[in-house]
Every structure is written in structure tokens, then in C-alpha cells.
Amino acid sequence: MPYRPIPVDQSDVRYAHGPDSVVQPGVPAGETVEFEWTASTVYPGTSRRIRVHVPAMYDPSEPAALMLFQDGGLYLDPGGEVRAAVVLDNLIHRGDIPITIGVFVDPGDFEVDAEVNHRKNRNVEYDAFDDRYVTLLLQEIIPQVTKRYSVSEDPDRWGICGGSSGGNCAFTAAWLRPDRFRRVIGFLSSFAQMPGGNPYPDLIPTVPRKPLRIFLQAGHRDLRWNEPDGNWLASNLRVAAALAEAGYDFRLVLGDGGHSPNHGGVLLPDALRWLWR
């Protein structure tokens, strides 16, 4: 094969979804319920939408695994790039992953005026290197789920997933609270834009290894891919290198394309299988 350089412009790159990301005949669809959370003490004044996807095979007498997704509406959309509920239904039906309740959490909004304009709190919540967001999940959001459904207490059966700032957020939540979240998916994670800089390349090899299993996806043409500062591709590669140096159970998938959820969405079925293997 002759050498062909990767084109600079990859805006037209698109990966095709496989059968696991499409509604399949004979696979019973789970039920998705929705509620709004407006009583946060961690982020006062915010409101956010929560959606809980309960698989058809769920049995209250057998505690389910839990998988939590940031940017919940985007990840739940059956016509979008990720289609997480469809993927969960297909993989659970086939026995590829355990019976898993999916929790889809939107970032918080502040209402600005009576015209129902809103100010997003997404980057404040997702990009920070602190425990506020994971505290929101553990003390405010997940209790709203566990009082309705039977969920395992085993942290090895709790996972967290996100893309872009949501990917960085998922990593930080598990890093700070591995006693609760131990399986992590980060697509095109925003390590490069963490306030104060990306701490992980220096931090990961210097502390005792945490009981985490981590799936990362990065893109050749992610944001600022060829610039010396704020390079999203380089930041993800440095995190992966640190995980390798520290002996973590991790996987990095590098693909083409820019800052798009397409490749991560296509990878989600294999990422979940790999996490729960």
C-alpha cells in the first residue's frame, strides 16, 4: 500500500454505526422515565433534567448495575450519534453486559430571566478538578434513582461515561471516588481545558494505582490538534501514557475526524463490552 498522509481537513469523516446501535427486532425496549432536579445544594440555583432507562429484563429482586452518562439528552437520543439506551437494550438482551440501569444527567442551567433564557453551568461542573460534581451525583442524583430501583452497591458494577467536557468529568468523578465508580468511558475528553491545567499526566504515576478500568477515545483532528497549547489530542495521549506507565487496565482508541461525538458513539457498544468483560 502506498503511503497516504492523513488529510488536514477531516470535517467530512464519519464512522458508520453497527447493528448494536440500531433497534433490533425481538429486543424488548426498556422504559425511560424523566424527572427534573432543582434542589441542588452543591450547585444552588441550578435545574437539570434526569432520565433513567430501565431495561426490560430488570428484576427488582436482583440489584442492577449502574451506568451514568453526562450530557444525558445527547447520549440518550435514539436518532443521535451515541444512542446509549438502544445500545444498552441490545447488549443486555444478548447477555454481553449485565442488566444495567442507565442514568442520563444533563448539566445544570441557571434561569436568567422571565423569558426562560438560561445560562449553562456545564463547564463549571464538568471541567473542574474537584469533588463537587461527583458529590452532586452521589448525594443528590443517584439517591433519586436508588429509592425507585434496586441498584447494586458493588462499585465494580458502577460505571460513568461522557464526551468532551463530560469525558473529563467522568474521569475525575471516578478518580476522586473509586469507592463508587470504577468503570470509565471518556470520549474526546477535555483535559486540555481544565482550569489550572491538566493534572493527570503528572499525578497518575505518583499515587497508588486505583481500581479503575478506563476506556479512552481520542481524535487525530480534535481541537487545537497541531498547536503547542491547549491541544486536546496531546492531552488525551499524555493521560493514556500516564495510565500505561502506572499499570492501569485501560484502552485508548485513536480515530480520524474532529471534535464530534460520532466516533465515540459508534464505539460505545464495544466500549461497554470491554468495560464489563
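The values are calculated or read from the model by the stated rules, or taken from the named source; none is laboratory data. None of the values given here were measured: they were computed from a predicted structure. Cβ: placed from backbone, ideal geometry, glycine included. Neighbour counts: every protein chain shown.
Can you pull out the residues in the stretch 223-277 that are of a type in the set (A, V, I, L, M), over 30 Å from PRO208 (Cα atoms) and part of a loop (DSSP other than H, G, I, E, B)?
We begin by selecting, within the stretch 223-277, every residue of a type in the set (A, V, I, L, M); these are 223, 233-234, 237, 239-244, 246, 252-254, 266-268, 271-272, 275.
Of the ones still in play, those that are also over 30 Å from PRO208 (Cα atoms) are 223, 266.
Residue satisfying the conditions is LEU223 alone.
Could you tell me whether ARG14 is touching a residue at least 40 places away in the same chain (Cβ under 8 Å) and touching a Ser or Thr at 6+ places or on another chain (Cβ under 7 Å)? Against the criterion (touching a residue at least 40 places away in the same chain (Cβ under 8 Å) and touching a Ser or Thr at 6+ places or on another chain (Cβ under 7 Å)), ARG14 does not qualify. Of all residues in the stretch 158-196, those satisfying the criterion of being of a type in the set (Val, Ile, Thr) and either under 17 Å from ARG251 (Cβ atoms) or surrounded by fewer than 24 Cβ atoms within 10 Å (Cβ to Cβ) (or both) are ILE160, VAL184, ILE185. Which pairs turn up if I take residues in the stretch 249-272 that are at negative phi and in contact (Cβ under 8 Å) with a residue 60 or more places away in the chain and look for partners that are in a strand (DSSP E or B) and surrounded by fewer than 19 Cβ atoms within 10 Å (Cβ to Cβ) with beta carbon separation below 7 Å, at least 6 apart in sequence or on another chain? Partner pairs satisfying both residue conditions: LEU267/VAL253. With the structure loaded, tell me whether ALA244 is in contact (Cβ under 8 Å) with a residue 12 or more places away in the chain and either farther than 30 Å from GLY95 by Cβ or surrounded by 19 or more Cβ atoms within 10 Å (Cβ to Cβ) (or both) or whether it fails that test. No; evaluated as a whole, the condition is false for this residue.
If you go through the stretch 19-45 and keep only what is of a type outside the set (A, V, I, L, M, F, W, C) and in contact with a strand residue (DSSP E or B) (Cβ under 6 Å, 6 or more places away or on another chain), you end up with GLY30, GLU31, THR32, GLU34, GLU36, THR38, SER40, GLY45.
Against the condition in contact with a strand residue (DSSP E or B) (Cβ under 6 Å, 6 or more places away or on another chain), hydroxyl-bearing (Ser, Thr, Tyr) and under 20 Å from LEU212 (Cβ atoms), how does THR135 come out, does it pass? Answer is no for this residue.
Flag not set for VAL23, criterion: buried (at least 16 other Cβ atoms within 10 Å of the Cβ), modelled with pLDDT of 95 or more and either among the aliphatic types (A, V, I, L, M) or more than 21 Å from ARG183 (Cα to Cα) (or both). I need the full set of residues from the stretch 214-238 which are closer than 25 Å to TRP158 by Cα and in contact (Cβ under 8 Å) with a residue 60 or more places away in the chain, in order please. The one that is closer than 25 Å to TRP158 by Cα and in contact (Cβ under 8 Å) with a residue 60 or more places away in the chain: PHE215.
The strands (runs of 3 or more DSSP E) found wholly in the stretch 1-102 and carrying at least 2 residues that are of a type outside the set (A, V, I, L, M) and closer than 20 Å to GLY264 by Cβ occupy 46-54, 65-70. Of the residues that make up the stretch 95-107, is at least one touching a Ser or Thr at 6+ places or on another chain (Cβ under 7 Å) and surrounded by 17 or more Cβ atoms within 10 Å (Cβ to Cβ)? Checked the stretch 95-107: no residue is touching a Ser or Thr at 6+ places or on another chain (Cβ under 7 Å) and surrounded by 17 or more Cβ atoms within 10 Å (Cβ to Cβ).
Here is a list: ALA39, ALA85, ALA16, ALA56. Which entry is surrounded by fewer than 22 Cβ atoms within 10 Å (Cβ to Cβ), under 30 Å from THR172 (Cβ atoms) and in contact with a helix residue (DSSP H, G or I) (Cβ under 8 Å, 6 or more places away or on another chain)? Before the answer, list the steps.
Numbers: ALA85 fails: surrounded by fewer than 22 Cβ atoms within 10 Å (Cβ to Cβ); ALA16 fails: under 30 Å from THR172 (Cβ atoms); ALA56 fails: under 30 Å from THR172 (Cβ atoms).
Result of the check over ALA39, ALA85, ALA16, ALA56: ALA39.
For the stretch 211-230, a residue qualifies if it is touching a strand residue (DSSP E or B) at 6+ places or on another chain (Cβ under 9 Å) and among the aliphatic types (A, V, I, L, M), and the qualifying residues are LEU212, ILE214, LEU216, ALA218. Being within 15 Å of TRP175 (Cβ to Cβ) and crowded, with 18+ Cβ neighbours inside 10 Å narrows it down to one of LEU272, LEU216, LEU223, so name that one. The unique qualifying residue is LEU216.
Listed conditions (1) surrounded by 12 or more Cβ atoms within 10 Å (Cβ to Cβ); (2) among the charged types (D, E, K, R); (3) within 16 Å of HIS263 (Cβ to Cβ) are all met by ARG49, apart from (3).
The residues listed here are ARG180, ARG148; of these, the one that is touching a residue at least 60 places away in the same chain (Cβ under 8 Å) and part of a loop (DSSP other than H, G, I, E, B) is ARG148.
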